[in-house]
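Worksheet: one structure, shown below.
The values are calculated or read from the model by the stated rules, or taken from the named source; none is laboratory data. Owing to the predicted nature of the structure, the values given are computational and were not obtained by experimental measurement. Virtual Cβ from ideal backbone geometry, glycine too; neighbours counted across all protein chains shown. Quick note on the areas: whole protein, heavy atoms, side chains included, nothing else; ligands and nucleic acids left out. Shrake-Rupley method; radii C 1.70, N 1.55, O 1.52, S 1.80 Å.
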Amino acid sequence: MTHPKVGIIMGSQSDWPTMKLAGDILDELGVAYEAKIVSAHRTPDRLWDYGKSAAARGLQVIIAGAGGAAHLPGMMASKTRVPVVGVPVQTKALSGVDSLYSIVQMPKGFPVATMAIGAAGAANAGLMAAGILALQDPELAERLDAWRETLSASIPDEPQDD
């Protein structure tokens, strides 16, 4: 069994439809990951334990998605040296702008690489994690390059009529 190199964490079950998109990208690229619900507010002990054990368990990147107050990515960054990629989950009240501001405004010393709001951000978080891992994994680097080439080849040269 391959130990996961990426942790995908989210504040609640309702975040999974968005965060699953990061997992889908990692699946496409053959990157092992784990997915857990780790709420900064409702399960703070779980957050502490996850962050403190992440490096020792072999995680090399953590993708943290949260909506609203969105403290999960920043709090995780405060508990681990493992790079954290934050995904602002879209909210009903403020369309995810609240989540974005909560994640991107980190104080000096606790960086979080912040993606776009919602689905595109989650997919890009998977790609960012793969890119970080590919620096030390030539086979993954080849798969990532091929994935990008396939994406580029799928874009037509000229617009098409419907």
If I take the Cα coordinates of region 39-84 and project them onto the principal axes, what are the three extents in Å, biggest first?
29, 18, 13
Packing-wise, with mean Cβ within 10 Å as the measure, how do 43-52, 8-17, 143-152 rank, highest first?
8-17, 43-52, 143-152
What do you get for the angle between helix 119-134 and the principal long axis of the chain? Use alpha-carbon atoms, 0 to 90 degrees, nearest ten.
90 degrees
Cα extents of region 85-142 along the three principal axes, largest first, in whole Å?
43, 28, 8
0 to 90° range, to nearest 10: angle between helix 44-53 axis and the chain longest Cα axis:
60 degrees
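I need the per residue convex hull volume for region 9-55, using only the alpha carbons, in cubic angstrom as a whole number.
Values: hull volume 3.0 nm³, N = 47.
Taking only Cα atoms, region 9-55 has a hull volume of 63 Å³ per residue.
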Residues of the chain: accessible area per residue with a 1.4 Å probe, Å²:
56 Å²
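Which entries of Lys20/Lys52; Lys36/Lys108; Lys5/Lys108; Lys79/Lys108; Lys52/Lys92; Lys20/Lys108 have Cα-Cα distances beyond 21 Å here?
On the way: Lys20/Lys52 24 Å; Lys36/Lys108 27 Å; Lys5/Lys108 26 Å; Lys79/Lys108 14 Å; Lys52/Lys92 32 Å; Lys20/Lys108 30 Å.
Violating the 21 Å limit, Cα to Cα: Lys20/Lys52; Lys36/Lys108; Lys5/Lys108; Lys52/Lys92; Lys20/Lys108.
Using the eigenvalues of the Cα gyration tensor, what equivalent ellipsoid semi-axes result for the chain when each is taken as the square root of five times the eigenvalue, whole Å, largest first? Let's see the in-between values first.
On the way: eigenvalues 138, 86, 33 Å².
Each semi-axis is √(5λ); the values are 26, 21, 13 Å.
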Of all the accessible heavy-atom surface of the chain, with the other protein chains kept in place and a 1.4 Å probe, what percent is carbon and sulfur?
54 percent
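Roughly speaking, what is the stretch gain from Ala141 to Ala32, that is 0.36 nm per residue apart minus the C-alpha to C-alpha distance, in nm to one decimal? Please list the in-between numbers first.
On the way: separation 109, 0.36 × 109 = 39.24 nm, distance 1.48 nm.
Stretched out fully, the Ala141 to Ala32 stretch lengthens by 37.8 nm.
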Between region 33-81 and region 106-162, the alpha-carbon center distance in angstrom:
21 Å
Taking each pair of distinct Cα atoms in region 32-123 once, what is the resulting Kirkwood hydrodynamic radius in Å?
13.0 Å
